[in-house]
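A.B. asks: Okay, handing you the structure first.
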Amino acid sequence: MAVQTVRLTLEGVRASQGSWSITAQGTFGEGLHLVSGDVGSGKSTLGLLMAGLSAPSSGQVTRDGISSVMVSFQFPEYHITGTSVREECESWGLDPATILSSVGLEACSERDPFSLSRGELKRLHLACVLSRGYDLLILDEPFSSLDVVEKHRICNILSHRSRGITILFSHEQTIFPRVDHIWEIREGRLRYCGSPPESFSNWQHVPPIIQRLVDAGKTPANISADDLKEAAWRT
Amino acid sequence: MIHIAELHYRALAIESLTIEPGVTAIIGANGSGKTSLLKVCAGIALTEAGTILIEGKGPRQSAIGWVNEFPDRNFLFDTVSDEIASALRFQHLPPEVIAIRTEEILHRFGLAGLSGRSVRELSGGEKVLVALAAAMILTPRVLILDECDSHLDARSMAKIDEIILRSGIPYILRSTQDMETAAGSNRVVFLENGRARFSGTPVTVFSGLEETLFYPMTWRCRL
């Protein structure tokens, strides 16, 4: 049986709102893609277009071989449908006990999801999202509100995600998963920077910690915490 | 000095904590009590037991500026200039004084071009600037920022840092999940399960956290 390949293609895509606009062109294959860009650059707009939740003003978005799509919004409360934490897990078709123990929220099962702290709610939401495989998974700022321990844990999960296209939109500056491709939004346009480590020289949003390692002649192989440490301690 | 003693509020239980003038970063895991601590210091919430004294006065007797983590939750009014002027209006200052001070702060923050715009139409970075201007117009003794860097990019954050560091406000308390930001502050308080486990200079506090993921990545990489 032929293995169905998944591919997301953006052809001459343009989205605009008043005087603001973003254009995008490119092909996203299987693997983990990081898209960096400033607040207001159009990361969320692009994510919605890719998922098919909104239509571009012009151009074409094609999803080949993609039968399941998931979008994780930056603000986790947009996703809440259950009136208790337990119901929220069940609404995703998941076993509450398994999910809650994976994020240390066992004691919160009967609480109103909105009574959790923002970080706890984000943790719960990501656990629900990441417990399934999707052909196309779009994560819009998954690290905002998370503490560093949780950021590292999520990065570790993402680094080991084996199938489908995962697109990670983030302005995070320090803690990343190991990624296959780096893109950035610059001057209203999506640009492909390449795969690490070659991509670093084309990456205008390259985080200061990576730039400093490169400048010190210690270019990391990739951008995860382990890669940065390995590069820093290399003799 | 800000003196905290025998403090109890929700999950927070702090026996004794002194906050010196300067920029203090409040760090800790999700749910460790960072927002609770900031709320009682701001007087937004009252403690269940214990005392907080800011230069000898309670939080509600002190001038305090507050910036929420979520840019949209800071706003009461529609336009940028109405939002920024609101604290002065609530004090019933004469309209001429309000106009002059609002104009002055709009220029200082580079917001003059946005004064008539609706706050809803602003970018995330602009929203935080407006919230900061509204919090600073009364020149508070204490400025409190609750993870306002969480939804901002590095460029917007650098601008905000520049403004708060030059503000001359004696106490700046900010919670953050960015350990590089914490490492660059004057003091750090590390909360764990509602308790102030470490407090002091970044070097002192992070030396107690070297075995954890809280240790700043740039320090770990010896940069």
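Derivation of every value follows stated rules applied to the coordinates shown; laboratory data play no part. Every value quoted in this text rests on a predicted model; they were computed, and no experiment measured them. Neighbour counts run over all protein chains shown; Cβ positions are idealised from the backbone, glycine included.
A.B. asks: Rg and Dmax in Å for chain B, alpha carbons only: what are they?
C.D. replies: 17.7, 57
A.B. asks: What nm distance separates the two modelled labels at A:Arg163 and A:Arg234, each placed 7 Å from Cα along Cα→Cβ?
C.D. replies: With each label placed 7 Å out from Cα toward Cβ, I get 3.4 nm.
A.B. asks: Restricting attention to the alpha-carbon atoms of the protein assembly as shown, what are Rg (one decimal) and Dmax (integer), both in Å?
C.D. replies: 22.8, 80
A.B. asks: Angle, helix B:80-90 long axis vs. longest principal axis of chain B, Cα atoms, 0 to 90°, nearest 10?
C.D. replies: 80
A.B. asks: Inside 10 Å of the C-beta atoms of B:208-215, what's the mean count of C-beta atoms belonging to other chains?
C.D. replies: 2
A.B. asks: At 7 Å along the Cα-to-beta-carbon direction for both A:Ser57 and B:Ala63, put a label point, then send me their distance in nm to one decimal.
C.D. replies: 4.5
A.B. asks: Once you keep just the Cα pairs under 8 angstrom separated by 6 or more residues, what percentage relative contact order results for chain B?
C.D. replies: 28
A.B. asks: Let a ≥ b ≥ c be the square roots of the eigenvalues of the Cα gyration tensor of chain A; is it rounded (a/c under 1.5), or, if not, prolate (a/b larger than b/c) or oblate? Display every interim value, and only then the final one.
C.D. replies: Details: a/c = 1.65, a/b = 1.20, b/c = 1.38.
Cα axes put chain A in the oblate bin.
A.B. asks: Counting only other residues whose beta carbon sits under 15 Å from that of A:Glu110, what net charge do I get with K and R as +1, D and E as -1?
C.D. replies: So the environment of A:Glu110 carries a net charge of -4.
A.B. asks: A further question follows. Let me confirm the definition first: pairs of Lys residues in the protein assembly as shown, 8 or more apart or on different chains, C-alpha distance under 30 Å. How many are there?
C.D. replies: Lysine pairs meeting both conditions in the protein assembly as shown amount to 29.
A.B. asks: Distance from the Cα centre of the range A:2-38 to that of the range A:54-86, in angstrom?
C.D. replies: 15
A.B. asks: Still on this structure, I have one more. Using the alpha-carbon centroid of each, what span in Å lies between the range A:160-235 and the range B:10-74?
C.D. replies: One Cα centre to the other: 36 Å.
A.B. asks: Separate question: Give the angle, between 0 and 90 degrees and rounded to the nearest 10, that separates the Cα long axis of helix B:95-108 from the longest principal axis of the Cα atoms of chain B.
C.D. replies: 60
A.B. asks: OK, next. Round to a whole angstrom and tell me the spacing of the C-alpha centers of the range B:109-126 and the range B:148-223.
C.D. replies: 27
A.B. asks: Something else now. Along its three principal axes, how long is the range A:39-138 when you only count alpha carbons? Whole Å, largest extent first please.
C.D. replies: Cα spread of the range A:39-138 along its principal axes, largest to smallest: 48, 31, 19 Å.
A.B. asks: When Rg is the radius of gyration of the Cα atoms in the range B:72-138 and Rh is its Kirkwood radius, what does Rg/Rh come to?
C.D. replies: Rg/Rh for the range B:72-138 comes to 0.93.
A.B. asks: Counting only other chains, what is the mean number of Cβ atoms within 10 angstrom of the Cβ of each residue in peptide A:141-153?
C.D. replies: Average per residue, whole number: 5.
A.B. asks: Next question. With N set to the residue count of the range B:128-168, report its C-alpha Rg divided by 2.2 N^0.38 Å to two decimal places.
C.D. replies: On the way: Rg = 10.0 Å, N = 41, 2.2 N^0.38 = 9.0 Å.
Scaled against compact globular proteins, the figure is 1.11.
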